[in-house]
1. Calculate the length of the line joining the C-alpha centroid of the stretch 456-507 to that of the stretch 80-148, in whole Å.
2. How high is the FRET efficiency between V138 and D73 when r is their beta carbon distance and R₀ equals 41 Å, given to the nearest 0.05?
3. My understanding is that a pair violates if its Cα-Cα distance is over 25 Å; which of K68/K402; K435/K472; K87/K327 do that in this structure?
4. Between A551 and A397, what FRET efficiency comes out of the Förster formula 1/(1 + (r/R0)^6) with R0 = 51 Å and r the beta carbon distance, rounded to 0.05?
5. Once you order the gyration tensor axes a ≥ b ≥ c over the Cα atoms, which shape class does the stretch 220-314 get: rounded for a/c under 1.5, otherwise prolate or oblate by comparing a/b with b/c?
6. Enumerate the calculated ³J(HN,Hα) couplings along the stretch 36-50 in order (Karplus 6.51 cos²θ - 1.76 cosθ + 1.60, θ = phi - 60°), each rounded to whole Hz, writing x wherever the residue is Gly or Pro.
7. Post the alpha-carbon centroid distance, the stretch 345-372 to the stretch 166-186, in whole angstrom.
8. Spin-label point model (7 Å from Cα, Cβ direction): what's the M35 to K434 distance in nm?
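Derivation of every value follows stated rules applied to the coordinates shown; laboratory data play no part. Please read all numbers here as calculations on a predicted model, not as lab measurements. Neighbour counts are summed over all protein chains in view; Cβ atoms, including those assigned to glycine, are modelled from backbone coordinates with ideal geometry.
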Amino acid sequence: MKKLLTAAIVVLTVLMTLSPLSAEVHLKHRWVWCMHNLLVDRSADEVIALMERAKACGYTGFVLSDYKFNVLDWMGKEYFDNVERVKAKARELELDIVPSVVSIGYASGLLAHDPNLVEGHPVVDAPFAVKGGELVPVMDEGATLTNGDFEDVKDAGFAGWQPEAPGRYVARDRDVTRSGKTSVRMGGLPEDAGAVLRQTLDTEPFRAYHLSAWIRTEDFADPGRIRLNAMGRRPARLVEQDLGVKRTQDWTQHHVVFNSLTNRRVRIELDVAGSGAGKVWWDDVRLEPIGFVNVIRREACPVKVTSPDGKTPYVEGRDFDRIEDPKLGREKWAGTFAAWHTPPAVKVPEGSRLREGDRVLVSYYHPLIVLGSQVTCSLTDPKVYDIIDDQVKRVHALFAAKHYMMGYDEIRTGGWTPDYDDMTCGEALAGSVKKVHAILRKHAPDAEIWVWNDMFDPNHNAKPRGRYYLVKTPWAGSWEGLAKDIHIMDWSVGLAPKSFAFFHGRGHTQAMAGYYDGDPDANVRQWLAAAKASGADITGIMYTTWRGDYAKLEAFMEAVRKYEK
């Protein structure tokens with residue numbers, strides 16, 4: 001990130017040298033990004049107060065994001081009363097409300113209607129055995145983790161594990177343990193250093209595993225740098241989950257789930273990056289198959305159970321009970337997913353052809369949760385677009401807005417189900433945005449339609465080569481689905497010169513998502529330098545905060561006035 005920002009500053013400095021800040025850029029849209037839950041009275045009050053501040057310093061609208069825009073049919077009078085209060089204030093102040101709809105990359109709202117519409121990843125011929133009258137997963141022999149409790153000490157290290165930066169940064173600890181006599185301690189790492197303990201396992205492709213570890217910390221300044229990794233080759237990183245470790249905590253068990261995907265070898269890593277004098281302890285690392293955690297049931301994600309030789313298919317409802325997970329997408333409330341929970345039991349009923357001790361092979365699909373709880377909905381299932389159609393209709397009936405923002409951003413999984421067999425991920429995304437554009441045009445024929453740039457930008461997440469997170473193929477070509485009347489909200493200042501040129505060449509007007517919880521003056525100066533040098537049709541700028549930090553709202557607009565002429 002630091003290298004990217006440095007490069008961006010160099011590029012934009014050159015642009016400012018070649019094209020001084022004298023040419024005008026007319027920004028008719030001066031918006032505020034606002035994520036709030038309008039079901040809560042206090043939250044609606046906060047939005048109204050922000051609107052008053054924003055109007056006073058020159059903003060023209062609010063891009064309003066609320067999970068409830070995906071489930072409006074579930075909302076009661078209290079919610080709509082708060083929406084009406086916000087709308088009334090917007091009319092009074094002559095501010096546009098721009099609803100953010102169709103959240104694809106962060107799809108928990110859409111998936112609240114049917115969690116089985118989540119993107120799936122295949123488990124192929126995973127071994128199970130009948131044990132105690134249930135189907136129980138069996139560990140692949142080559143994938144057995146060695147010395148996860150660190151009790152087998154060899155020379156200066158741990159049997160089965162290969163350390164990086166041993167000694168000072170990776171050490172045995174016999175004083176602080178969760179169980180047994182030994183734990184692993186990592187700590188004292190400078191900012192640019194890292195400590196890793198790794199073990200390489202032989203796996204079969206498309207097997208799903210639960211990896212857990214007990215972790216203790218002491219004054220570790222940046223716990224987000226503590227990672228429990230599974231590394232392959234294609235893709236390289238198989239775990240993209242935030243462990244949620246605290247700066248200081250007693251022994252706590254943390255969990256991730258990964259799929260080997262196309263890999264036959266997987267490297268398990270206990271990974272800590274530099275964060276000063278703090279310490280991290282690891283103990284009791286465990287790897288096991290996930291069983292039927294978050295199994296998906298829909299047409300494009302079939303379940304199959306056969307004999308070990310594949311010749312005998314077993315029948316759901318006759319040889320084994322229905323395979324489903326009641327916690328899929330319902331971890332806390334509808335639409336919320338957790339990577340791990342206790343697997344559901346699947347019983348073998350009387351009259352089954354299966355007997356105690358029999359082995360079977362099971363194939364099914366499960367989602368992969370990214371970062372904290374991010375999930376993506378299917379880009380191809382028609383039921384997704386039925387839900388989108390209904391919710392867009394409700395949002396437009398509620399707001400009758402002049403602008404709408406489509407939530408296509410940071411789509412980090414996809415492409416692994418059979419309905420992608422005849423298309424790339426880029427082609428699937430192009431088809432998806434065409435469908436959503438048609439839905440918006442049906443319900444709001446005269447509105448401006450906006451979308452984030454990243455998933456349609458070959459300079460950003462739609463690169464022609466390489467994989468993006470856990471997506472099967474590149475998103476390249478996704479831009480072919482963008483109608484000319486879709487406006488682009490660019491959000492990476494470091495990529496702005498190339499992105500502006502690309503979308504300008506395709507005939508799109510654009511705006512800039514600025515601030516990003518940084519220095520508003522420097523950020524606005526960089527954006528406007530790139531805009532003036534590009535010659536593109538740039539019509540707006542937006543104060544964008546993911547932290548809900550509006551302390552610099554006025555300073556951002558002061559910078560806009562300072563640099564736009």
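1. Result: 24 Å between the Cα centres.
2. On the way: r = 44 Å, r/R0 = 1.07.
The formula returns an efficiency of 0.40 here.
3. Values: K68/K402 20 Å; K435/K472 22 Å; K87/K327 37 Å.
Cα-Cα > 25 Å for K87/K327; rest within.
4. Details: r = 35 Å, r/R0 = 0.69.
The calculated FRET efficiency here is 0.90.
5. prolate
6. Once θ is set to phi - 60°, the couplings for the stretch 36-50 become 9, 9, 6, 6, 9, 4, 4, 5, 4, 4, 5, 4, 4, 5, 5 Hz.
7. Going from one Cα centre to the other spans 38 Å.
8. 3.2 nm
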